[in-house]
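> One structure coming up, written as structure tokens, with questions to follow.
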Amino acid sequence: MGQRKKTLDPHGTQISRSLKAFLPSKMNPQEFQQFEQLLHTLTIPNNKERQEAEDYYHSLFQKNADLCGLYLVSMLQSSSIKVKMLSMILLRQSIVSKTQNAWKIFSLETKQKIKSKLLEEVQTQPQVVKKKVANCIAAIGKIELGKGKWNELLQLTTQLIESSDPENVENGLYLIQQLSLTSGKILAKEKESLYEIFSKLIDKSYKISIRYSTLKAVASYVLILSNEDNIPFRKLIPEMIEVINEFLKNGDDDLVSDCLQELIETAELASKFFREHTEMVISLSGFIIHETEVETGIKNIAMELITIIAEKLTGVIKKSQNFFETAITSALYLIIQEADEELDELFLSDKSLETHVSYGENTLDRLSLILGGKNILPTLLKHLENFLNDQTNWKKRYSGLLSICSIGEGAKETIEERLEEFVQTIIPFFQDEQPQVRYAAVKTIGQMCSDFNPQLQLIFHEPIITAISGMLDEVEYPFLQAHACAALVNFCSETPSEIVEPYVDTLLKKLADILLNSKTMAKEQSMTAIAALASSTKTAFTKYYDELIPYLLNMMTTLTENQYNHLKGRALECITLIGCAVEPEKFENDAAQIIELMLELNSQKLEAGDRLRYYLLLAWGRVCGAMGAKFVPYLDKALPILYSSADKEIAIESLYDGEIEETMGGMNDGKALKDYTSFMLDGKTVGMRTSDIQEKATSVEILMIFASELSHNLIPYVQQIADIVIPLVLYYIDEDVRTYAAMCVGELVKCYASAFENGMDKEYQISREIFTNFFQVVLENLSQAAVQEPTTDVLFVQVQSIKEGLESAKNYVDSSSIEAFLEVFPQIIEASEERKQMLFVDEQDDDFCEETSEFLEEQKDDEDDLILVLTRCITPLVKYHRAKFLPFFKKHLLPVFEQYINPEFSDYHKQVSLCVFDEIVEFGGSSIFTFYWKKFGQYCMQYALSEHAGLRQSAVYGLGVCAQMGGASFAPFAQKALDILHSAVENQDAKIDDMEFATENAISAIAKICKFQSTNVDLNRSLPLWLSYLPVLIDKEESIVTYSLLCSFIEENNPFLLGNQNQNIPQILRIFCSVIETDLINKEISQRIANILSQIKSQFSQQQLEEILNSVGPKDFYQILLPFFK
């Protein structure tokens, strides 16, 4: 046996003796060699020895951080460049890591030794090591300079820049670059002197390496300056671009790429830096893209720079002389170039079909979304004719078609105006002699089916289906068959069944032929297309069930090798989607066999990331949806599978340390980074397998579907599901997991509520206490999640679940839960207001444009929707917890809404405030009316004629509620309110689209005042006027109230409504004709109308009835009323 290597033992006496004598400059040679060997071992990839070395290093650091820090600095004396670099990387990581937090742990003596040594070594080490030392210095500088310490660092930086040694100058510039990232506030004070330095060093008289370092320093430094302060530095852009041009001439592609990346980062974070030189930047990028000697990756980076400039400086770009020409021709060129590099491989592949989008296509998509069709389309059309008509170069035809495919979503409105022209242009290319062009045609039509649904399908279904159907026959090219199937899927999505049904027979025969005879790629897509036909035509697809399902089941049972797992997953997807579409009893006959097959597949040890796992999870949700309550017997087998995926602890793996990877040549153990969702943890890049996160999210989604479909039938399992899902509402790593978890817990609350509503609480042995405690936990966790949630979309779902939970739980909510929720309520509002403030853009700014405005308005609308659903949480609280809720409301929320109603706040804020007032008055009881009327009543009067539709609606609705609930307290205001409401209904804008809901709410409010304040208003004038406003046909919720009150007035024989000698009966009958057999009334009102018509029949002779019927109006009205009068 060989001699065992000596190692440093953190628990042994060797280290203890070293601590007493250690000095960095007089390090024991043996200790030096041992620590150096430790760092060498840390560079071994995918090795047990390396893992032991990592564990040892961390234990050494924990045992004595000072010693470890000094050891690391001493490694700068090593003869190995790799060891030197790694020592600096580890030292910096220990400083920035929240876990190690070394700079707080180090003693003052150790800190001083480290700082001195680093300032010394940054001047003497080899250039590659100097950068690592500088990174360390910057990390320490962030802490020390912020405290007003370590002035020696700034002095050294100045000395380096002023040095005659080019390497020292580059080092000083690199320090500025790094300090800009860590100590921006300190460095920003030096802007005048740094501008002089940069202006000098970027000049052509200096070496290109110094100019390159200056470019990088400038790009980092301007990020810490305000837009106003960076104005002088913009003069440096021409010289920065000249640096890139020199690299291009010399063929230094890596340096060109690095410079472009610096410009992109600057454009993303400080876009106005480029404002005066956008033309120059765009021209440079266009030149790079069209330069034949430049590799594709760099061209893509140049294209990204163009796109980022467009995104950030949209207003400026629209005024550019050459932007649209450069951007669009560059994108078209990239599509052509990537056709050479990508298509051959795609056509020959038999892998599962994945949507291929070239960089040029992606760019056009983004530009169209940013700039809109009216800006993009004119330039594109100028080139399209030439590209599409070029019979000598198929790549031009290919590029032209895919450009149309790319801009559909962003240019939707512009293209819709000439949709027929585009369809007629594209369809002939399905017959092009070049298969790549036929591929571009079907891909374009498929995308347009999504972008222009349903208009495209309704008008052009015949030529489109004919073209797609023809491509299904492309036996020689399964790739084309697969894309034709994908286009068919898009065609069917949300398209009315009557459009799809006539084509099903023909299409199914071709899809079945593909399923039997084509390659795997096409087979998979054919099954998805079959499922799409089933989902579109629903029960009409039942007649094909017996022919398809046996074949698909046979495929799943006979293809046993793992290589067919994705194909089996598609088959299972097809089977279950058909099951959801056809008549329920048809699927139920095969359900047991399908479920057994699913259980068998689940029992196999499928690898992480195997798509069959994903398809199996989704299938459980569909089978449950198709079977409903008949699925309950299978829950004991299905739920453990979902629990396992939802509750699975996903490992956090070390993925990539940029510095270590660059230094050591690879330490990610062969992990494909694209397979991971990465994030920073303690200064290191770590990640979780994306497939594992997706599986967790999907399993929670299916649990939500189970709860939604099975309702109280799921109660025996609710607590177990809740134990898994409730913590996931705070799962910070993934939005989808949080979203589905919030939806799921809301559905679980409904399960309990359903049991109580259906009188099954005793059967399931759930008491009021159990439900109350359960909802308390749900509400607390959702409230906590909502306060922490950074994403508005997810936050909306969380608040929606709270609202629905409060509605379902009704009075099964305790006081502590109510107050806990109301405490976070203002925090959610405040956070939303802060996000809205960040969306503010000065309309006078050069960067402001219509598209920017639309984008910001959409985001503001999302925030408004959030606040609206949040305020709707108040309704169930005041409705079911009046006494408990109102004191908490006064304490936590009243000040918020009193503030919102003030003139300086927006109309939307006022609307929200009045909506809350309306709810409080409607459900709070008459005892609180006077208090709240004094605070908000005047605003209902004031804003009942507002030009803002939402504000007017909340105001007029409030007046009606006040009349109903205010009793004698409202009497002094009744006539004035009534006059205002008449003005609202008769206003010239009353019938404009946005105002119609407000108008119908005002009509309803007039009826309420006439009903509940009848002795305080002029009914002789108001009721005949009110009758003339009817019918109401828009607001289905308020129409129920309006027509119920109409029936009440008639049933009471109100003379003001019926008129002298019942002269208003024909008018009343006309109103009834407008609502009979519609969803504007409910069953109760339908019966009341029938009774009224019966009473009218009994009061008049047959001749009089004929005269009344003939006076009603249109013949169809006559036909509606005739059955009632026979």
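> Which residue, chosen from L72, P496, Y731, occupies the Cα position most advanced towards the positive end of the dipole of the chain, where the dipole is computed from +1 (Lys, Arg) and -1 (Asp, Glu) charges on Cβ about the Cα centre?
In the chain, that residue is L72.
> A further question on this structure: Length gain on complete extension for the stretch K207 to K543, per 0.36 nm per residue less the alpha carbon to alpha carbon distance? Don't skip to the answer; put the middle values down first.
Numbers: separation 336, 0.36 × 336 = 120.96 nm, distance 7.88 nm.
Contour length minus the Cα-Cα distance gives 113.1 nm.
> Could I have the simple spin-label model distance between I231 and V475, label points 7 Å from Cα toward Cβ, reported in nm to one decimal?
The answer from the label model is 7.3 nm.
> Right, here's the next one. Using packing as a proxy for protection, rank 812-821, 1057-1066 so that the peptide with the highest average count of other Cβ atoms within 10 Å comes first. Before the final figure, lay out each step's value.
Numbers: 812-821: 18.3, 1057-1066: 15.2.
By packing density, highest mean first, the sequence is 812-821, 1057-1066.
> Given I530, T576, T560, which one lies farthest toward the positive end of the charge dipole of segment 504-580, if we put +1 on the Cβ of every Lys and Arg and -1 on the Cβ of every Asp and Glu?
The Cα lying farthest towards the positive end belongs to I530.
> Net charge within 13 Å of E833 by Cβ-Cβ distance, Lys/Arg positive one each and Asp/Glu negative one each, not counting E833 itself?
Working: positive: R835, K836, K860; negative: E830, E834, E863, D864.
After counting each charged neighbour, the total is -1.
> Show me 518-528, 641-651 ranked by packing, highest mean number of other Cβ atoms within 10 Å first.
On the way: 518-528: 23.5, 641-651: 16.7.
Final packing ranking: 518-528, 641-651.
> About the Cα centre of the chain, what is the dipole size in debye to 20, counting +1 per Lys and Arg Cβ and -1 per Asp and Glu Cβ, all else neutral?
Numbers: 104 positive and 160 negative charges, 694 e Å.
With Lys and Arg at +1 and Asp and Glu at -1, about 3340 debye.
> Could I ask something else about it? With +1 on each Lys and Arg Cβ and -1 on each Asp and Glu Cβ, and nothing else charged, work out how big the dipole of segment 727-806 is about its Cα centre, in Debye to the nearest 20.
Details: 5 positive and 12 negative charges, 45 e Å.
The calculation lands at about 220 debye.
> Whole angstrom only: what separates the Cα centroid of segment 591-650 from the Cα centroid of segment 729-799?
Segment 591-650 and segment 729-799 have Cα centres spaced 23 Å from each other.
> Note down the nm distance, to one decimal, between modelled labels 7 Å out along Cα→Cβ at K82 and at E152.
My value for the distance between the label points is 3.3 nm.
> Taking only protein heavy atoms and a 1.4 Å probe, what accessible area per residue, in Å², does the chain have with all protein chains in place? Provide the component values of the computation, followed by the final result.
Values: 49420 Å² over 1126 residues.
Accessible surface, normalised per residue, equals 44 Å².
> Same structure again: Could you sort 1091-1104, 308-321, 203-216 so that the peptide with the highest average Cβ count within 10 Å comes first and the rest follow in order? Don't skip to the answer; put the middle values down first.
Details: 1091-1104: 12.7, 308-321: 19.6, 203-216: 18.0.
Ranking the peptides 1091-1104, 308-321, 203-216 by packing returns 308-321, 203-216, 1091-1104.
> Between segment 497-535 and segment 912-977, how many Å separate their Cα centres?
One Cα centre to the other: 58 Å.
> Kirkwood hydrodynamic radius for segment 746-897: how many Å is it when counted over pairs of different Cα atoms? Spell out each step's value before the answer.
Working: mean 1/r = 0.0591 Å⁻¹.
Final number for the Kirkwood radius of segment 746-897 is 16.9 Å.
> Okay, moving on. Rounded to the nearest 20 Debye, what is the dipole magnitude of segment 843-954 about its Cα centre when Lys and Arg each give +1 and Asp and Glu each give -1 at the C-beta? Please report the intermediate quantities before stating the final value.
On the way: 11 positive and 21 negative charges, 368 e Å.
Roughly 1760 debye for segment 843-954.
> Would you mind pulling out the separation of the Cα centroids of segment 201-251 and segment 92-155, in Å?
Measuring centre to centre over Cα atoms gives 27 Å.
> Shifting gears a bit: Could you tell me the relative contact order of segment 72-155? Use alpha-carbon pairs under 8 Å, at least six residues apart, and round to a whole percent.
Working: 63 pairs, mean separation 22.9, N = 84.
Worked out over segment 72-155, it gives 27 percent.
> Could you please report the charge total around S711, scoring K, R as +1 and D, E as -1 over all other residues with beta-carbon less than 12 angstrom from its beta-carbon?
Working: positive: K750; negative: E709, E747, E757.
After counting each charged neighbour, the total is -2.
> First check a/c for the chain, with a ≥ b ≥ c the square roots of the eigenvalues of its C-alpha gyration tensor; if it is under 1.5, answer rounded, and if not, answer prolate when a/b is larger than b/c or oblate otherwise.
Working: a/c = 1.75, a/b = 1.57, b/c = 1.12.
In terms of gyration-tensor shape, prolate.
> Under the classification rounded if a/c is under 1.5, otherwise prolate if a/b is larger than b/c and oblate if not, where does segment 31-97 fall, given a ≥ b ≥ c as square roots of the Cα gyration tensor eigenvalues? If you can, show how the numbers build up before the last one.
Working: a/c = 1.41, a/b = 1.08, b/c = 1.31.
Rounded.
> Compute the relative contact order of the chain as a whole-number percentage, counting only Cα pairs closer than 8 Å that sit 6 or more residues apart in sequence.
Details: 1408 pairs, mean separation 53.2, N = 1126.
It comes to 5 percent, rounded to a whole number.
> Here is a further query. Note down the net charge around H383, summing +1 for each Lys or Arg and -1 for each Asp or Glu among other residues with Cβ under 10 Å from its Cβ. Don't skip to the end; give the middle numbers.
Details: positive: K382, K396; negative: E325, E385.
Spelling it out: positives minus negatives among the neighbours equals 0.
> Counting other Cβ atoms within 10 Å, keep those with at most 15, restrict to DSSP loop, and tell me which trypsin sites (Lys or Arg not before Pro) in segment 538-624 are left. All intermediate terms of the calculation are to be shown ahead of the outcome.
Values: sites: K538, K543, K568, R570, K586, K605, R611, R613, R622; in loops: K605.
Here the sparse-neighbourhood loop sites are K605.
> What number, in percent, do you get for the relative contact order of segment 686-815 if the mean sequence gap of Cα pairs under 8 Å and at least 6 apart is divided by its residue count?
28 percent
> At a Förster distance of 41 Å, what's the computed FRET efficiency of K991 paired with L269, Cβ-Cβ distance as r, to 0.05? Mind showing how you got there, number by number?
On the way: r = 49 Å, r/R0 = 1.19.
For K991 and L269, the calculated efficiency is 0.25.
> Once a ≥ b ≥ c are taken as the square roots of the eigenvalues of the Cα gyration tensor of segment 369-517, is the result rounded (a/c under 1.5), prolate (a/b larger than b/c) or oblate (a/b not larger than b/c)? Mind dumping the intermediate values first?
Numbers: a/c = 2.34, a/b = 1.31, b/c = 1.78.
Cα axes put segment 369-517 in the oblate bin.
> Hey, another quick one. Answer with one residue from S283, L795, L86: the one whose Cα lies farthest towards the positive end of the charge dipole of the chain, charges on Cβ with Lys, Arg +1 and Asp, Glu -1.
Most positive-ward Cα: L86.
> Would you grab the residues whose amide H sits under 5 Å from the one on Y676? Only those 5+ places off in sequence or on another chain, please, with H modelled 1.01 Å from N.
T690
The values are calculated or read from the model by the stated rules, or taken from the named source; none is laboratory data. The structure displayed is predicted, hence computed values, not measured ones. All Cβ positions, glycine included, derive from the backbone under ideal geometry; neighbour counts span all protein chains shown. Heads up: the accessible areas ignore ligands, DNA and RNA and are worked out on the full protein's heavy atoms, side chains in. Shrake-Rupley method; radii C 1.70, N 1.55, O 1.52, S 1.80 Å.
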